[in-house]
Amino acid sequence: MSPVEQTAHLILWVASGVAMLAWLDCIWCRFQGLSRRLRKRWLPWALAAGILIATVFSVYMTIFWADGRWRIYDLLAQGAGGLLYRRELQIPLRQLGRIGDVVLLRPIWWIIHVTVTFVRLVVRIHVKVLAFFCHLAYVPIRKIFPSALQSRVGFMYNIANRRTRRKFDGRKSTNKPA
């Protein structure tokens, strides 16, 4: 490997260290808007997932750009990139992230929110219209077959009518045998 290639390789690994720490910082910043209880519960899991994704990205870089050769200075360069991010680049990149959030993510989130709200409204209207037509069809059937559509709640939940209660309470039945 020529010195130019090694320098480019080293710069690439430093940039990957900056990108990985920026990714984890982005996850951490996203959770700062939540309540303390939710942060305590979910932030460690989100950071663990972020570290896993960053590790997969690092292994991908090792296989794709470095032909599977991993050197100790690759790890040191990633660490140096992380330190560079924490020392010099954290504040400007957070500002860029906030601007990107306001310019890109919030309008997209608003479009998704409006679309989902509209779809829910359309589905709710369709369900109400369907319920109305089912009720219209139910009324004539109820007039024609009243006994078939009576509620079976008393039977299902052991709510007995007065006559049955007397029979099982040991009281005398008022019904005379036919």
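If a residue has to be loosely packed, with under 13 Cβ neighbours inside 10 Å and either in contact (Cβ under 8 Å) with a residue 60 or more places away in the chain or assigned to a loop (DSSP other than H, G, I, E, B) (or both) to count, how many in the stretch 26-43 make the cut? It would help to see each step written out before you state the result.
Keep residues of the stretch 26-43 that are loosely packed, with under 13 Cβ neighbours inside 10 Å, which gives 32-33, 35-38, 40-42.
Next cut, either in contact (Cβ under 8 Å) with a residue 60 or more places away in the chain or assigned to a loop (DSSP other than H, G, I, E, B) (or both) only: 32-33, 35.
Number satisfying all stated conditions: 3.
Among the conditions (1) more than 30 Å from residue 13 (Cα to Cα); (2) in contact (Cβ under 8 Å) with a residue 24 or more places away in the chain, the only one that residue 82 does not satisfy is (1).
Please identify the pairs in which a residue from the stretch 118-145 that is without any contact (Cβ under 8 Å) to a residue 60 or more places away in the chain and surrounded by 10 or more Cβ atoms within 10 Å (Cβ to Cβ) has its Cβ atom under 6 Å from the Cβ atom of a residue that is in a helix (DSSP H, G or I) and not charged (D, E, K, R), counting only partners at least 6 apart or on another chain. From residues that are without any contact (Cβ under 8 Å) to a residue 60 or more places away in the chain and surrounded by 10 or more Cβ atoms within 10 Å (Cβ to Cβ), there are no pairs. I'm checking my understanding of the structure. Among residues of the stretch 72-117 that are hydroxyl-bearing (Ser, Thr, Tyr) and surrounded by fewer than 11 Cβ atoms within 10 Å (Cβ to Cβ), which one is farthest from residue 20 (Cα to Cα)? Top of the filtered list is 117. Could we say that residue 33 is at pLDDT below 85 and under 24 Å from residue 95 (Cβ atoms) here? Yes, satisfied.
The values are calculated or read from the model by the stated rules, or taken from the named source; none is laboratory data. No experiment lies behind these values; they were computed from the predicted model shown. Note that each Cβ is placed from the backbone with ideal geometry, even for glycine, and that neighbours are counted across all protein chains shown.
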